[in-house]
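Down below is the structure, laid out as structure tokens.
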Amino acid sequence: MSLPGWPARVAVVFLVSAGLAAPASGQYAERSALFGSGEPGVDVSGRSVKNPRVRAVHTDDPTLEGGTAHLIAKEPFLAYQLGRNLNFREFRERDGTFSVGGSQLLTGLGNLAGPMPDDTTAKITAQNQASCTACHNQPYGNPGGGINFAKDSGRGRNSPHYFGAGLVEMLAIQVRTEILHQLDTDRSGWISEAEAAASNGTLLVVPTPGATPLDFGDPRIDPATGRPQFNNHIKVWYVDARGQWVDDAVGVDGVNTRGYNLQLQVWGWGQGIERELLDEETGFLDLEGGAAVNPTNRAFLWDPWDTHGGLEAFDPTSLDDPENDGVSTPSLVGAIQFPATHQPPDKGPAVGGGAGFAPYSLGDPDNDGYETEISEGDLDLAEWFMLNLPAPAFAGTPAEYDAGLALLDGWDCTGCHVADWSIRPKTRRPELQGTGMTQGGGPSVTSSAGGRFVGDRRLFDVEVTWDDADGRLEGKLVPLYDLQPDGTHARRFGGFEVEGLFSDLRQHELGAGFAEFAYDGSVQTLWRTAPLWGVGTGFPWGHDGASLSLRDVIARHGGDAEASRALFDAAPVAAQEALIDFLRKLVLYDIETLPCDVDGDGAIVEHFVVAGMDTGPERFNAEWLFTTPVQIQGPVINAEGESLTSFAATNLSAAYGLELTYRRDTDGDGWPDVWDPAPNQAGFKNGVND
Ligand code: HEC
Ligand code: HEC
């Protein structure tokens, strides 16, 4: 990136910080010390995790200071930064990483775990990383992607970026709502045999008004299997006559199971088709595989923390399913979870909660002596960060965008790579009155019921556009909340146009070019339409990361994409090049150094002053937006006599709320005083023992 017009001193600082920000290690350790302090934990770039690791306490009551309800309502940018730091942090042995010495299946580092659909062959190498950013790290210090790890086949699976993760999750839940809206005519929150039979055999969802509807498959129950024939991106579970989830059911049998429920398993490249297998333990048939990996951001936190890091989350939120229909009440951040298909590993017993604040767990599934390795509050904050993550951008002019889109349209790439989606505004009055709501056993209207949209749940949008004159991307922070007199950031839950996602959120048969020869000898050719946003930065490409050029990954398209690829092949080279050029401009960027108007004055100033200090060019660093913003150390002279700016924090405790009642950790053992049985005696395992 060129830095026209930046004063030399500031430019030097940024070059220095860019240099420091790319060490061999892919993760962020804790570095809170000031430059010149003589301590090891110094980072003048200010990008490392500064706050000590203290388990966050989930609360419902926003008046409990430092609890997650308080942070999200009153200190939402601090909550975002704490969530960022959970996503980027290198967890340590003292946090309970891995299960060294444990006696469970997942024991020790780098073992094989998890059966493939054949029920025997191991699916992954588990217990292999201590941070999300170990794999999601290009560009470094962002929710990027790029790294392969040993999963499913000898070629491994490539980690996608998760910029815009909140938008993707909201669309997935919205598609589910639209499906229920069409099928669930009695508004019970699930689909009965009769409702399924009433369908005409297609399920059309319109991504944005006026766009071609997308068919998500046939909701009718196949008499041979007892199962609907949805697109493979949808995961189904089976329910009884009251809509209650029946564990291990493999279809609707008309006796024990009288209908089904579903979610759009939006995250992951694809796991082939569901297979029926004999469970040797129970002697009954079971359904294995299918769809993709996870349906929600919260699940894509506790799952990898467990699988890769050996950190087991205790999360009553994910299991809070009063109707027992397999769908939870919404998390604090606002997303329903799906306990029928996804359950976090630590099931308690719970102890230590109080009025308005949640308990922690004495459970220790991996037997390493560390309790509540990830707390319900940690998941709230990390989910909040993911919800609000900025989306990828287009590094070109609107005319260039339109020209590229026209090429994709012309070759029918957009038959799958659907450009735009609309997030529907919140439905104020659920359309459920007088509609047999209680039939499904549901006492009240929750968002698990059909027909109700929850709106854009984010706090803010970062609108990123190309400044052609300066030849750079620029951001603008757009608040999606109204500040109340009591300091509450009331989210608006309005509509939002998601432009340039380039996915239909469905899976397709892509033929031999993309075939995965799995460890267990199965062959997979069914993949979700990879969203193309960020694809220009997304090196390498494909589920296996085996394509080292965009041209190669396009050439691998066959199966349902055969005709489209043939059009691309037949096009003049200049048009092909123009398309690849367009794809290269669908980029990620470094969120925290992107020039960005954060104060809404319509300008990006070169000397943005925060807490009395010149922080250089205005940029989106959440620390500037805390109620007590971070005050940086400022100008310092390094050992070579050069002057530069230290972005270390001089007011760490006040800015990061380390003394708030529900965050205070007097003995620094990661257990907040409100949970710690011995708040003055360090004990990393359970507050007492080391
Ligand atoms: C060992 C490497 C590794 C680690 C550690 C890891 N991931 Fe991933 N992640 C992957 C891979 C590979 C995939 C794709 C898996 C698949 O579909 O088969 C993925 C997929 C995802 C996706 C879905 C993206 C998409 O476009 O479908 C999200 C979101 C995600 N990871 C978030 C996280 C978070 C949050 C953490 C930490 C709590 C994490 N990951 C830790 C490798 C990793
Ligand atoms: C039938 C649906 C379909 C059509 C049509 C289609 N694609 Fe794809 N595309 C996919 C799927 C599915 C994947 C993911 C492949 C995988 O998982 O490895 C993909 C992957 C890609 C990728 C790589 C994304 C990544 O993150 O690795 C690019 C680039 C791409 N497509 C471009 C195109 C272009 C250009 C066209 C038109 C010439 C096109 N696609 C037509 C379904 C389609």
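The values are calculated or read from the model by the stated rules, or taken from the named source; none is laboratory data. Just so it is clear, the model here is predicted, and its values are computed rather than measured. Because the Cβ atoms are built from the backbone with ideal geometry, glycine has one as well, and the counts that use them run over all protein chains shown. Please note that ligands, DNA and RNA were not included when accessible areas were found on the heavy atoms of the full protein model with its side chains. Shrake-Rupley method; radii C 1.70, N 1.55, O 1.52, S 1.80 Å.
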### Message
Could you work out [θ]222 nm for the chain from helices alone, using -39500 (n - 2.57) per DSSP H run of at least four and dividing by all its residues? Round to the nearest 500 deg cm²/dmol.
### Response
-5500 deg cm²/dmol
### Query
Relative contact order of the chain: what whole-number percent is it, with Cα pairs under 8 angstrom and at least 6 residues apart?
17
### Message
Could you work out how much longer the chain between Glu93 and Asp402 gets when fully extended? Use 0.36 nm per residue separation minus the Cα distance between them, nm to one decimal.
### Response
106.2 nm
## Note on the structure
Relative contact order in percent for the range 245-369 (Cα pairs under 8 Å, 6+ apart) equals 18
### Message
With +1 on the Cβ of every Lys and Arg and -1 on the Cβ of every Asp and Glu, and nothing else charged, how large is the dipole of the range 512-570 about its Cα centre, in debye rounded to the nearest 20?
### Response
180
### Message
If R₀ is 51 angstrom, what is the calculated FRET efficiency for the pair Ala578 and Leu277, using the beta carbon separation as r and rounding to 0.05?
### Response
0.60
### Message
Below 23 Å, Cα to Cα, which lysines can Lys151 reach? Residues fewer than 8 away in the same chain don't count.
### Response
Lys123, Lys235
### Message
Assuming 0.36 nm per residue, please report the length gained on full extension of the stretch Thr329 to His607 beyond their Cα-Cα distance.
### Response
95.6 nm
### Task
Measure off 7 Å from each Cα along the Cα-to-Cβ vector at Ala469 and Thr63, then give the distance between these two points in nanometres to one decimal.
5.2
### Message
If a paramagnetic tag sat 7 Å from the Cα of Glu659 along the Cα-Cβ line, which residues of the range 59-73 would have the backbone N under 19 Å from that point?
### Response
64-67, 71
### Query
What helices does the chain have that are whole DSSP H segments, at least 24 Å long along their own axis by Cα, and with mean Kyte-Doolittle hydropathy of 0.0 or more?
165-183
## Note on the structure
In nm, the gap between the two label points placed 7 Å beyond Cα toward Cβ at Glu39 and Asp599 is 3.0
### Query
If you plug each phi of the range 149-164 into the Karplus form 6.51 cos²θ - 1.76 cosθ + 1.60 with θ = phi - 60°, what whole-Hz ³J(HN,Hα) values come out, in order, with x for Gly and Pro?
9, 6, 8, 6, 8, x, 8, x, 10, 8, 7, x, 6, 10, 4, x
### Query
Is the range 554-690 best put as rounded, prolate or oblate by its Cα gyration tensor, with a ≥ b ≥ c the root eigenvalues, rounded for a/c under 1.5, and otherwise prolate when a/b is larger than b/c, oblate when not?
oblate
### Phi-based couplings in Hz for the range 273-280 (Karplus 6.51, -1.76, 1.60; Gly and Pro marked x)
8, 5, 10, 8, 9, 7, 7, 5
#### Entry: Solvent-accessible area per residue, Å², over the chain with all protein chains present [probe radius 1.4 Å]
38
### Message
Please compute one quarter of the surface area of the Cα convex hull for the chain and express it in square nanometres.
### Response
30.5
### Sequence-distant residues sharing a close amide H with Asp665 (under 5 Å, placed H)
Asp673
### Solvent-accessible area, 1.4 Å probe, carbon plus sulfur percent, for the chain
55
### Task
Quick one: work out the % antiparallel among DSSP beta bridges in the chain, nearest 5.
90
### Task
Sort the following peptides by mean Cβ neighbour count (other Cβ atoms within 10 Å, averaged over residues), highest first: 655-664, 136-145, 479-488, 385-394.
385-394, 136-145, 655-664, 479-488
### Task
State the extension gain, in nm to one decimal, for the chain segment bounded by Ala566 and Thr627, taking 0.36 nm per residue of separation less the distance between their alpha-carbons.
16.4 nm
### Query
If amide H atoms are built 1.01 Å from N in the plane of the peptide, which residues on other chains or at least 5 residues away come under 5 Å of the amide H of Ser153?
Tyr519
### Summary
The long-range amide H neighbours of Gly145, using H built 1.01 Å from N in the peptide plane and a cut-off of under 5 Å, are Asn137, Gln138, His161
### Message
Restricting to Cα pairs below 8 Å that are 6+ residues apart, what does the relative contact order work out to for the range 290-362? Please round to a whole percent.
### Response
26
#### Entry: Distance (nanometres) between label positions extended 7 Å along Cα→Cβ at Asn256 and Lys347
1.8
